[in-house]
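Data first, discussion second: the structure below is written as structure tokens.
The values are calculated or read from the model by the stated rules, or taken from the named source; none is laboratory data. The structure displayed is predicted, hence computed values, not measured ones. As a convention, Cβ positions derive from the backbone with ideal geometry for all residues, glycine included, and neighbour counts pool all protein chains shown.
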Amino acid sequence: MIALIAATANGRRNAAHLADSWPDARLYPAKPKQALHDAWNECDGIVLFLATGAAVRLLAPLLGSKHADPGVVTVDDAARFAVALSGGHAGGANALAERVAEALGASPVVTTASDALGVPGLDTLGERLGFKLEDGSDLAAVGAALVSGEQVSLVSDRRWPLGPLPENVVCREEPETPLVLISDRIAQVPGPAVVYRPPSLVAGVGCSRGAGADEILTLLDASLAEAGLSKKSVAALASIDVKRDEAGLLNAAGRLGVAVRFHPAEALSAVGPPNPSEVVREAVGTPSVAEAAVLVSGAELVVDKRKSAMATVAVGRLPVRGRLALVSLGPGDDALVPPLAREALAASELVVGLDQYVDRVRHLLRPGTRVLTPPLGNEIKRAELALEEARAGGSAALVSSGDVGVYAMASPVLELADESVDVVVVPGVTASQAAASLLGSPLGHDHCSISLSDLLTPWEVIERRVEAAALGDFVVSLYNPRSKGRDWQLGKVREILLRHRPPDTPVGVVRDAYRPTQHVAITDLASLRPEGVDMLTIVVVGSSQTRAVAGRMVTPRGYLA
């Protein structure tokens, strides 16, 4: 919950606007001192519509720990600035300042050194990956070294999709201070160091009916300690599905703060655990629960089963899943690059794409990002390069103009990808949508898109699709309409459409949409001249209902009727 506290009429108006706009915001109408005191332990974030000096004086007696205090943002009376005052990272004030600024048309003011310098905050590094910070980590010392440009060592048992890191972060095999360590193993670490525990372990659990959570957790603790593994890295428990209602197991998972993955006996009996038991087979239909549950989870068994009176525990290490973002850049203008695309690019260690696409977004890439630009025609090579990075445990982005899922790179990547990587498809503005917006509203009713390139699709197939679209009276967006080596197809399509539509059917011709060289023209089907069209052009042919209104193409939906 976000608390909104104001002292002036302008502040109250702006606070009321946020309260109406945000479902997670709440107005505190009391005087600021009392309202702040009331909100302090009730809310995750606080927005004070006060001068920073007044806000500091009110905050001072309440401040305790940056790990527990809510993030606080102050907004001036004219709503020109949203200042992250305290709890920038841990309290979420930096993100809250951005959110407030966007809602009020203000400028966010973030003074956290890491944000100002574009380097990751150590308290949030790995947060999206589920990393947990080890107690005693020296965030202040290592963070100071990081932002001051000193060399910081990074030691990790395995590669994780961390995103681009500053140049002064050096990957090493052996720890040197100042140090960032990512490991599920417990060991003596030289300081100053920041230690992260990744969610890399799964604990298989078998138990008798009525086994208590204390017994399960005690056995798990002993198993982890014997192997020198951290409990903070346990990402899940796993068991047989007949234990779905086992109170002790569910309670143990709740106390660990993890989920329980349940598997049927058939799945568990299909794997080959090292220590099967006929007694277990007779009881639940599989010769193993704890070890088999680890293996079925896709983990490598690192601790064989250990038994207590009523419980059995085994531990496995899960594979790292790299991340691949398929990123849509929109038609051309920087303002049309979606926010999700910007976030994905900022989180990627490697960006792959045609050089003209990568050049468009170089200014959005973080320092340390690597770039690969195989030439046109190497689509499979581009897909494989991006997948290779993700399969190695890294984070990659593959970029396309328009929407990556429309005549672009999403389909070949997804054909090649397997379950070893997380793939995210970031949507964007398609070329036909961009062209349509410049023409008016030609796609206001049923429409389709057809590519006239016969490099991958036989012309006979394309011709049948055009015929079907004409018979169905669809508005048709024509992609790849004409090139130097394909100069007759658009004329043939025009002939087909003229057999089904009147000669005065409106046609929009848009070249280089939302680029400095943009050209937009509206003609009709009889007057369409293929020689004026190239591969950078989208041709939008109206249906029998499309008409020109005040110089714009409109396909009625039927509302006025």
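Quick notes on this structure:
- For the stretch 406-427, a tally of residues being part of a loop (DSSP other than H, G, I, E, B) and more than 16 Å from the chain's Cα centre (by Cα) returns 8.
- Matching residues, the stretch 130-160, being surrounded by 14 or more Cβ atoms within 10 Å (Cβ to Cβ) and part of a helix (DSSP H, G or I): LEU139, ALA141, VAL142, GLY143, ALA144, ALA145, LEU146, VAL147
- Residue pairs whose Cβ atoms lie under 6 Å apart, separated by 6 or more positions or on different chains, with the first residue in the stretch 530-554 and part of a helix (DSSP H, G or I) and the second basic (Lys, Arg), are PRO530/ARG482.
- Annotation: of all residues in the stretch 124-138 being in contact (Cβ under 8 Å) with a residue 60 or more places away in the chain and in contact with a strand residue (DSSP E or B) (Cβ under 8 Å, 6 or more places away or on another chain), the one that is nearest to ASN94 (Cα to Cα) is LEU125.
- Lone qualifier among SER348, SER395, SER288 - being assigned by TED's automatic domain parsing to the domain that holds LEU249, of a type in the set (S, T, N, Q) and within 26 Å of SER233 (Cβ to Cβ): SER288
- Test: residue in the stretch 359-366 that is crowded, with 17+ Cβ neighbours inside 10 Å and at pLDDT below 90: yes
- Across the stretch 499-508, a minimum of one residue is classified as under 36 Å from the mean Cα position of the chain (by Cα) and assigned to a strand (DSSP E or B).
- Matching option when the condition is farther than 30 Å from ILE538 by Cβ, of a type outside the set (Ser, Thr, Tyr), surrounded by fewer than 24 Cβ atoms within 10 Å (Cβ to Cβ) and at pLDDT below 95, among VAL337, VAL320: VAL320
- Looking at LEU36, LEU58, just one residue is under 12 Å from ALA6 (Cα atoms) and in contact with a strand residue (DSSP E or B) (Cβ under 8 Å, 6 or more places away or on another chain), and that residue is LEU36.
- Taking the listed residues ARG57, ARG13, the one that is part of a helix (DSSP H, G or I), in the same structural domain as GLY87 (by TED's automatic domain parsing), more than 20 Å from ALA79 (Cα to Cα) and of a type in the set (D, E, K, R) is ARG57, with no other qualifying.
- THR74 being modelled with pLDDT of 90 or more, under 30 Å from HIS37 (Cβ atoms), surrounded by 17 or more Cβ atoms within 10 Å (Cβ to Cβ) and of a type in the set (Val, Ile, Thr): yes
- ALA390 part of a loop (DSSP other than H, G, I, E, B) and either touching a Gly at 6+ places or on another chain (Cβ under 6 Å) or of a type in the set (A, V, I, L, M) (or both): no
- Residue among ALA390, ALA383 that is more than 27 Å from ASP333 (Cβ to Cβ) and aliphatic (A, V, I, L, M): ALA390
- Some residue of the stretch 85-101 being loosely packed, with under 14 Cβ neighbours inside 10 Å and either closer than 28 Å to ALA140 by Cα or not aromatic (Phe, Trp, Tyr) (or both): no
- Tally, over the stretch 9-48, of residues that are in contact (Cβ under 8 Å) with a residue 60 or more places away in the chain and surrounded by 13 or more Cβ atoms within 10 Å (Cβ to Cβ): 6
- Lone qualifier among LEU295, LEU249, LEU268 - being within 33 Å of the chain's Cα centre (by Cα) and either assigned to a strand (DSSP E or B) or closer than 24 Å to LEU129 by Cα (or both): LEU295
- Among the residues of the stretch 367-409, those identified as of a type in the set (D, E, K, R), touching an Asp or Glu at 6+ places or on another chain (Cβ under 9 Å) and more than 24 Å from LEU336 (Cα to Cα) are GLU389, ARG391.
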